[in-house]
Amino acid sequence: MRISLIIAAMGLAAPGIAFAQDVPPDPMQSEHGVPDTSPPVVPDTGDPMAPPGDAERQAAYDSWSPERQGEYTLWSEAAQDYFWTLSEQRKEWFWLLVPDDRIALLAMQPEQREMAWTRLEQRVKSAPPEAEPETSPDQPAEPDGR
């Protein structure tokens, strides 16, 4: 399930809609709607794809799958910087956001962002847990092919 469904269900999409005219649809663009063509700030680690930051960031980046590393490098510098300010739980949720929702979140004022995160956290906590497939002791065992 994508977090955007939760955001829409919570009514958080409404602030995003207000920003839709001012927000670029491309996560590679800066918060000002201008393509972010500047080269990323990369520490001299010998790894051209290394994220900016300290050893902790580098260790986190190195632990990600190649797909996640690639997605991260496509984010604007503002999105990358904001990501590292988040708690571990919010970082995981940030990954689940669709690009348009990330952009909308970045376009919000800090107070609006905090409200959006708080609503999301409340919504996730109040959501029923995903149901496990039910099995009954009366169900016959799966045939084993013998």
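The set of residues in region 108-146 being more than 13 Å from the chain's Cα centre (by Cα), of a type in the set (A, V, I, L, M) and either closer than 14 Å to residue 83 by Cα or at pLDDT below 90 (or both) consists of 124, 127, 131, 141.
Going through region 92-103 one residue at a time, which ones are outside any loop (DSSP other than H, G, I, E, B) and within 17 Å of residue 81 (Cβ to Cβ)? Even if it seems obvious, please write down each step before you answer.
Pass one, region 92-103, residues outside any loop (DSSP other than H, G, I, E, B): 92-96, 99-103.
Passing the criteria: 94, 95, 99, 102, 103.
Sort out which residues of region 86-104 are free of Cβ contacts under 8 Å to residues at least 24 places away in the same chain and either in contact with a Gly (Cβ under 8 Å, 6 or more places away or on another chain) or crowded, with 17+ Cβ neighbours inside 10 Å (or both), and write them in order of number. Scanning region 86-104 gives a single hit, 94.
The values are calculated or read from the model by the stated rules, or taken from the named source; none is laboratory data. Keep in mind that what you see is a predicted model, and the values were worked out from it rather than measured. Positions of Cβ are generated from backbone atoms using ideal geometry, with glycine treated the same way; all protein chains shown enter the neighbour counts.
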